[in-house]
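Structure first, commentary second.
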Amino acid sequence: DIIDRRRYLLVVQAWLVLVSGTLGLLTLSHVTSAWLLVLMTFAMGIGSAMMFPAWAALTPELVPRKDLHSAITLNSMGVNVARAIGPAMAGVIISLAGTGAVFILNAVSYAGVIVVLSRWRRQAEYSELPGERFFSAMRSGFRFARHAPELQAALVRGLGFYAFASASWAFLPLLSRIAGGGRPQVFGLLVASIGVGAVAGAFALPHIR
């Protein structure tokens, strides 16, 4: 909130292109070890953690307030559609061209986002108030969370869900090895099934509400 989100996202996307492209080239060169894969995955995780809050903060800028709830649901559904289709496609690509090709295509996809962001002309926000400092802004955020019961309830539910959901993600490769002999297509279908469930949940959510 205290920096230009467009420039920030451009830097983060460049980081993801660099990490994905490097991992792809190392894999194609057959020099990727288990520890190197863990390190590069960690670097990708850093980029994702830095990216998603900024994407979420962009949504209110792009749609009117009355359409915000629908836009958030649509954005979440788009992520899960990609999660449903992407792994299945990756399994096919791995079987045809190898793992390195998937990493290279991933880097190209981030490069496409850079093109879109570079062409977007964001409306500059002007304020007569002085700019907020980083740590004081964090203190304000923690203070708000401490006195907002609705936000606390959402945080508790989110943490409770992710604690168990992360275990499911971690076990998917093992399930793929046991049930499908470690074939990439089986792992891709397992991940895709999670995305399909999330998309179905997004369609059901308005009725459940």
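The values are calculated or read from the model by the stated rules, or taken from the named source; none is laboratory data. Small disclaimer: the values here were computed from a predicted structure and weren't measured. Because the Cβ atoms are built from the backbone with ideal geometry, glycine has one as well, and the counts that use them run over all protein chains shown. To get the accessible areas, we keep the full protein, side chains included, count just its heavy atoms, and leave off ligands, DNA and RNA. Shrake-Rupley method; radii C 1.70, N 1.55, O 1.52, S 1.80 Å.
Observations on the model:
- Scan of the range 151-200 for residues that are within 22 Å of Ala71 (Cβ to Cβ) and at pLDDT below 80, ordered by number: Gly195, Ala198, Val199
- Which listed residue, of Ser20, Ser33, is among the hydroxyl-bearing types (Ser, Thr, Tyr) and open to solvent by 30 Å² or more (accessible area, probe 1.4 Å): Ser33
- Single residue of Ala82, Ala14 found to be touching a residue at least 24 places away in the same chain (Cβ under 8 Å) and over 29 Å from Ser193 (Cα atoms): Ala14
- Taken together, the criteria place Arg83 among residues that are of a type in the set (Lys, Arg), surrounded by 12 or more Cβ atoms within 10 Å (Cβ to Cβ) and part of a helix (DSSP H, G or I).
- The residue that is surrounded by the fewest Cβ atoms within 10 Å (Cβ to Cβ), counting only those in the range 168-178 that are within 18 Å of the chain's Cα centre (by Cα) and small (Gly, Ala, Ser), is Ala170.
- Members of the range 58-73 that are open to solvent by 30 Å² or more (accessible area, probe 1.4 Å) and either in contact (Cβ under 8 Å) with a residue 40 or more places away in the chain or of a type in the set (Gly, Ala, Ser) (or both): Glu61, Ser70, Thr73
- Residue list for the range 130-150, restricted to those being surrounded by 12 or more Cβ atoms within 10 Å (Cβ to Cβ) and modelled with pLDDT of 90 or more: Ala148
- Some residue of the range 175-185 being at positive phi, out of contact with any Pro (no Cβ under 7 Å at 6 or more places or on another chain) and without any contact (Cβ under 8 Å) to a residue 24 or more places away in the chain: yes
- Taken together, Met44, Met50 contain a single residue that is surrounded by fewer than 16 Cβ atoms within 10 Å (Cβ to Cβ), touching a helix residue (DSSP H, G or I) at 6+ places or on another chain (Cβ under 7 Å) and either modelled with pLDDT of 85 or more or assigned to a loop (DSSP other than H, G, I, E, B) (or both), which is Met50.
- Checklist (1) part of a loop (DSSP other than H, G, I, E, B); (2) touching a residue at least 24 places away in the same chain (Cβ under 8 Å); (3) of a type outside the set (A, V, I, L, M) applied to Gly188, failing item: (1)
- Within the range 133-154, restricting attention to residues that are part of a helix (DSSP H, G or I) and touching a residue at least 60 places away in the same chain (Cβ under 8 Å), the residue that is nearest to Ile3 (Cα to Cα) is Phe134.
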